Amino acid sequence: MNCRYILTSLLLLIVSAYSLAQSPEPGVIPMPATMVVKDGYFTIAPHTVLLYTDEPSKKKAALFASFILKNHGVALAQEKGSKNNGKNSIYFSHEPRRSDKDESYTLLIDPANIVVSGNETGLFYGVQTMMQLVERNNGNIRLKCADIKDQPRFAYRGIMQDVGYHIYPVSFIKSQIEMLAKYKMNVYHWHLTEDHGWRIEIKKYPRLTSVGAYRAGSQVSHYIDSLSGIDHIPYGGFYTQDEIRDIVAFAKERHVTIIPEIELPGHSMAALAAYPQLACGDKPGPFKVAEHWGIYDDVYCAGKENTFKFLEDVLTEVMELFPSEYIHIGGDECPKDRWKVCKYCQKRIKDQQLKDEFELQSYFVKRIEKFVNSKGRKIIGWDEILEGGLAPNAAVMSWRNIEEGIKAAKQQHDVVMAPQTHVYFDFIQGKRELEPLAIGWGYNPIEKVLAFDPTPAGLSKEEKKHIIGVEAAIWTEHMDTHRKVEYMLYPRLMALAEIAWTRRERIDSVNFFEQRLPLHLAELDTTDKLYRVPGPIGIKDTTLYGVEFRIEMKAPVTGAKIYYNFEGQDARETDFLYDKPVYIVLHKGERRQLKAVVITPSGKRSINTTMYFINL
């Protein structure tokens, strides 16, 4: 065996690594804590009965019945009864003695019966797993027999949806919440105020929406090009309190908590445009709602009492709308320039014996926390609230890097890991020149999301308990439509759900990408949602050196087709259709270029993937 043959063999192993792993487990995302797959199937037929014992289990039975009727056209009977009734049945066992925060469930499937058990939340997640397990085979509606015992790794599993830069329809917000529930995510962090728009109706301060919800134009150029590219098209909108109540109720039915964010003390230009007296100085303003992306020096004055009266009034109405344990108060990217020259702020620093403007921001946050705590709630803020001293009961959302979360955990504060390095979904997913316009830095493909472990090394066992969850942020400077939000969210949401729910040792990237994700993308492909179609499994943008190559590709979406060519042009449907391994033999000094594209059953396309082969 010569060296050239060894080199070629190694390259073949690298190229086809994905295709070597197989798993008998059904395609559930996120992967359950334990799942023992058994022989046989439970078949759903018109005579199948859904059994319940009380109102919570009745609701979950009705949820599953609705799913079967909508997707498979079978109306299932629902009745109060026992799991030992001898019928072909699915028994929903409500266990109310479990803690409200217990999200675990058990799901036992055998050929005669299914039993799903848990408290109300656990039952809901058990039903989500059942929905994923349902398959149609030769006209039969069935579920693979299995014993599943499942519980989440983290209590907090969420996304942050910004609507300050761009606002989206209520129907889209609900569609996101439905997808969170499907993948056992339980937090929708709603970023409602920004320099560029105030999006929540506050009855006591109507100018927040009549003025603060609208801007004269929007930046259409790149984020860092802050001096040009305004379209001069008036833009805005807001959510009424009735709409918010409707969305909160919708989310509650799906066991999703909505955490509102009211930015302070920075990112407040929209509020200052409406009420300029809240800014520093004796006669501040006038201000306008921001049009360029970026950070603005004008912020809430930390020295004026009317600032705190305003914010307490706003937060009172917010807390009446949102029953969440946490209220997000922002705290990020607050310039201190105005405070340094403001007589009111400097007097506050002197009177409170503060060291500097960073401690003034800490005073600001602590004062807001005291008010929020008095209402029986807790605050959570971006990791800048660590600066100048952390508020006593605050939780920290670590976004700038993982280290800020480590600092907070070591101070015995709860932490949600949301680092831009791994889970910012406004970052690009592929080659920048091939992706839609996005923020000017950052690269977070789905592989990087799945590789992220929210619990960092270096923490003690007790400190690790303070890492309560993980969240992905969707900032929307460059997402002017909800369709683009979908493109940036899916399928990365599935990887986020996996790292949020599943224990690290249970996460198998090959199984995820090759066995489970293609099934879920095929289902998503049947809906009207837009998503980013991954490239072919088994081929990446890279260069391989050798003489002979055997390329095996697999479709990342079940049912999709792969087309490829060697002409140096983007692959088209008129090119080769991949249906068997591709063999390449090169003469000395020869090089070839393979381009491949995935086209899904609904006609969606991946970005072309290019691989170079060189024989030196």
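The values are calculated or read from the model by the stated rules, or taken from the named source; none is laboratory data. Values in this document were obtained by computation on a predicted structure and should not be read as measured data. Positions of Cβ are generated from backbone atoms using ideal geometry, with glycine treated the same way; all protein chains shown enter the neighbour counts.
Can Arg199 be described as modelled with pLDDT of 95 or more and farther than 26 Å from Lys309 by Cβ? Full working, then the answer.
Values: modelled with pLDDT of 95 or more: yes; farther than 26 Å from Lys309 by Cβ: no.
No.
Between a first residue in segment 591-616 that is more than 23 Å from Gly546 (Cα to Cα) and a second residue that is of a type in the set (A, V, I, L, M, F, W, C) and surrounded by fewer than 19 Cβ atoms within 10 Å (Cβ to Cβ), which pairs have beta carbons less than 6 Å apart while being 6 or more apart in sequence or on different chains?
Here the result reads Ile607/Leu434, each pair linking segment 591-616 to a residue that is of a type in the set (A, V, I, L, M, F, W, C) and surrounded by fewer than 19 Cβ atoms within 10 Å (Cβ to Cβ).
Being under 20 Å from Ala155 (Cβ atoms) and either in contact (Cβ under 8 Å) with a residue 60 or more places away in the chain or assigned to a loop (DSSP other than H, G, I, E, B) (or both) is the filter here, so list the residues in segment 80-112 that pass it.
We begin by selecting, within segment 80-112, every residue under 20 Å from Ala155 (Cβ atoms); these are 95-106.
Answer for segment 80-112, where residues must be under 20 Å from Ala155 (Cβ atoms) and either in contact (Cβ under 8 Å) with a residue 60 or more places away in the chain or assigned to a loop (DSSP other than H, G, I, E, B) (or both): Glu95, Pro96, Arg97, Arg98, Ser99, Asp100, Lys101, Asp102, Glu103, Ser104.
Report those strands (runs of 3 or more DSSP E) wholly inside segment 113-207 carrying at least 2 residues which are crowded, with 22+ Cβ neighbours inside 10 Å.
Details: elements: 113-118, 135-137, 140-150, 156-162, 187-191.
Filter on segment 113-207 gives 113-118, 140-150, 156-162, 187-191.
Among the residues of segment 588-616, count how many are in contact with an Asp or Glu (Cβ under 9 Å, 6 or more places away or on another chain), in a strand (DSSP E or B) and closer than 17 Å to Glu523 by Cα.
Number of matching residues: 1.
Could you check, for segment 323-338, whether at least one of its residues is among the hydroxyl-bearing types (Ser, Thr, Tyr), assigned by TED's automatic domain parsing to the domain that holds Ile258 and within 26 Å of Ile244 (Cβ to Cβ)? Step through it out loud before you land on a result.
We begin by selecting, within segment 323-338, every residue among the hydroxyl-bearing types (Ser, Thr, Tyr); these are 324, 326.
From what's left, assigned by TED's automatic domain parsing to the domain that holds Ile258: 324, 326.
Retained after the next criterion (residues that are within 26 Å of Ile244 (Cβ to Cβ)): 324, 326.
Checked segment 323-338: at least one residue is among the hydroxyl-bearing types (Ser, Thr, Tyr), assigned by TED's automatic domain parsing to the domain that holds Ile258 and within 26 Å of Ile244 (Cβ to Cβ).
Which residues, taken from segment 554-585, are modelled with pLDDT of 95 or more and in a loop (DSSP other than H, G, I, E, B)?
Correct list: Ala555, Pro556, Val557, Thr558, Gly559, Ala560.
With the condition kept exactly as written, say whether any residue in segment 486-496 is over 28 Å from Trp441 (Cα atoms) and either in the same structural domain as Tyr583 (by TED's automatic domain parsing) or not in a strand (DSSP E or B) (or both).
no
Go through segment 208-225 and count every residue that is part of a loop (DSSP other than H, G, I, E, B) and not aromatic (Phe, Trp, Tyr). Break it down into steps so the answer makes sense when it comes.
Filtering segment 208-225 down to residues part of a loop (DSSP other than H, G, I, E, B) leaves 211-213, 216-218, 220-225.
Then keep just the ones that are not aromatic (Phe, Trp, Tyr); that gives 211-213, 216-218, 220-222, 224-225.
Count: 11.
Being touching a residue at least 24 places away in the same chain (Cβ under 8 Å) and not in a strand (DSSP E or B): is that true of Leu517 here? Working first, answer last.
Working: touching a residue at least 24 places away in the same chain (Cβ under 8 Å): yes; not in a strand (DSSP E or B): yes.
In short, yes.
When you go through (1) within 18 Å of the chain's Cα centre (by Cα); (2) closer than 25 Å to Pro601 by Cα; (3) of a type in the set (Val, Ile, Thr) one by one for Ile499, which number turns out not to apply?
Status for Ile499: all satisfied but (2).
On the given criteria, is Lys38 more than 28 Å from the chain's Cα centre (by Cα) and surrounded by fewer than 14 Cβ atoms within 10 Å (Cβ to Cβ)?
Working: more than 28 Å from the chain's Cα centre (by Cα): yes; surrounded by fewer than 14 Cβ atoms within 10 Å (Cβ to Cβ): yes.
Yes.
Residues of segment 215-232 being modelled with pLDDT of 95 or more and surrounded by fewer than 18 Cβ atoms within 10 Å (Cβ to Cβ), which ones?
Within segment 215-232, Ala216, Gly217 qualify.
What about Val365, is it under 27 Å from the mean Cα position of the chain (by Cα) and either outside any helix (DSSP H, G or I) or more than 18 Å from Pro260 (Cβ to Cβ) (or both)?
no
Residues in segment 487-498: is at least one out of contact with any helix residue (DSSP H, G or I) (no Cβ under 9 Å at 6 or more places or on another chain), surrounded by 21 or more Cβ atoms within 10 Å (Cβ to Cβ) and not β-branched (Val, Ile, Thr)? First the steps, then the outcome.
Going through segment 487-498, the residues out of contact with any helix residue (DSSP H, G or I) (no Cβ under 9 Å at 6 or more places or on another chain) turn out to be 487-488.
Filter once more, so that each one left must be surrounded by 21 or more Cβ atoms within 10 Å (Cβ to Cβ): 488.
Filter once more, keeping what is not β-branched (Val, Ile, Thr): 488.
Checked against the condition, which is being out of contact with any helix residue (DSSP H, G or I) (no Cβ under 9 Å at 6 or more places or on another chain), surrounded by 21 or more Cβ atoms within 10 Å (Cβ to Cβ) and not β-branched (Val, Ile, Thr), segment 487-498 yields at least one hit.
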